[in-house]
Structures are given as structure tokens and as C-alpha cells.
Amino acid sequence: MNELYALRNLVLAPYILKATALIGVGRRIGGNQFRHAFSTLGILFDYKYFNDSVLLKASLIHDLLEDVPDTIIDEIRQTDDEGHRVVDLVLEVTKREDEEKTEYLQRVLETGSTNALILKCADRISNLTDLHRDTDSDIKIARYLDQSEKYILPMARKVNTDMVIELSDMIAKRRAILNRMNP
């Protein structure tokens, strides 16, 4: 009943409207970043994070600052009474301009809040789901899997053992596919 109450009172519409800016941002596999945002939200629902409205709101706009650089952060902060916390969480999982990808992932792993780690794991689960040999080279896929093992699995170990299981399984299955195709 507590979960039903939390969902009944969850107001996502203003964040969905902000996320519509991602419709014009394509993904290399097809589709767009708006759908990826909803996929990340769906993963959080799947893991039953119903009671964390800041986490759920941030999931909808977690790529907005990177993908739509002219986004006005103060507008998001004023969206509702949680806007400041939502923006702070999004900033935690946003790669800075001066960071290499590995530096960024190491920063999130070492200094990220619990919610930042959860959000980054959900984001990576969505990205691994979309990882395909017809859009990425085997070398790129192998590097992405290595990166997931080195940075994302340790994040999951800090916050959610079920995410560890899913991420480990996804990585292993994708490695098996690569190994079958490249004996």
C-alpha cells in the first residue's frame, strides 16, 4: 500500500516535458534519448524504487545536460519543491567537459551518492540492453563491457545486489556472443 501511495502522489509531468528536448537527440542504435530516459525510469520501477521521487525524476533528465547543452538548469531547479535535489543528482551523473570517460566513471564510483550510483547502474543496464553488433564494432563492445566490469559493477555492489546479478549476466551474455562470433 505504501508503494501505491507513493506512485499515486508522484508527479513526473514537468520532468517529462523537460525530457522532450531529448526527442531530437538520436541514439546510434536508432530511436532517441527520450526513449532511453523512459527505459532508465522503467528499470528503476522494475527494481521497486517507487518511494524515491527525486531519483525517478532525475532518471527522466539524467542525460539532458550533456545532450542539450543549452538547457537552463535554474528552470529545472524551479520545477517543483524537489527541483534543487533533482538537479544536484543529475549533475552528479553528468560527465563534465574536462573529464575523460574513465575519469568520470571513477568520480561517480568514488564520490557519487547512493542515488547517483543507482541511477548510473540503471542507465548502464539500459545501455547494455541497446548494445548491438550491428551498430558497434566488436572492439567497442568489448571495451564497453570491460568498462562496465571495472566501474559499474563496483557501483552496483555498493547499492543493489540484484543489479549486480543483472549486470553480471548481461556482461557475460554479451561476451559469450562476441566469443562465438570471434573464435
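The values are calculated or read from the model by the stated rules, or taken from the named source; none is laboratory data. Only a predicted model underlies this, so the values are computations on that prediction, with no experimental measurement involved. Glycine gets a Cβ as well: all are built from the backbone with ideal geometry, and neighbour counts include every protein chain shown.
Worth a mention:
- The range 66-101 - residue that is surrounded by fewer than 19 Cβ atoms within 10 Å (Cβ to Cβ) and touching a Ser or Thr at 6+ places or on another chain (Cβ under 7 Å) and, of those, nearest to A19 (Cα to Cα): E66
- Members of the range 15-38 found to be crowded, with 18+ Cβ neighbours inside 10 Å and either touching a Phe, Trp or Tyr at 6+ places or on another chain (Cβ under 6 Å) or not aromatic (F, W, Y) (or both), listed by number: K18, A19, L22, Q33, H36, A37
- Those residues of the range 151-183 which are of a type in the set (K, R) and either closer than 26 Å to G31 by Cα or without any contact (Cβ under 8 Å) to a residue 24 or more places away in the chain (or both), in sequence order: R157, K173, R174, R175, R180
- Residue tally, condition more than 15 Å from the chain's Cα centre (by Cα) and either closer than 15 Å to L65 by Cα or among the aliphatic types (A, V, I, L, M) (or both), over the range 89-108: 4
- Among the residues listed as T20, T102, T79, the single one being out of contact with any Lys or Arg (no Cβ under 6 Å at 6 or more places or on another chain) and free of Cβ contacts under 8 Å to residues at least 24 places away in the same chain: T20
- Qualifying residue in the range 114-125 (condition: closer than 25 Å to V68 by Cα and without any contact (Cβ under 8 Å) to a residue 40 or more places away in the chain): yes
- Among residues of the range 40-68 that are on the phi > 0 side of the Ramachandran plot, those with a Cβ under 9 angstrom from a residue that is assigned to a helix (DSSP H, G or I) and modelled with pLDDT under 95, sequence gap 6+ or separate chain, pair up as K48/E3.
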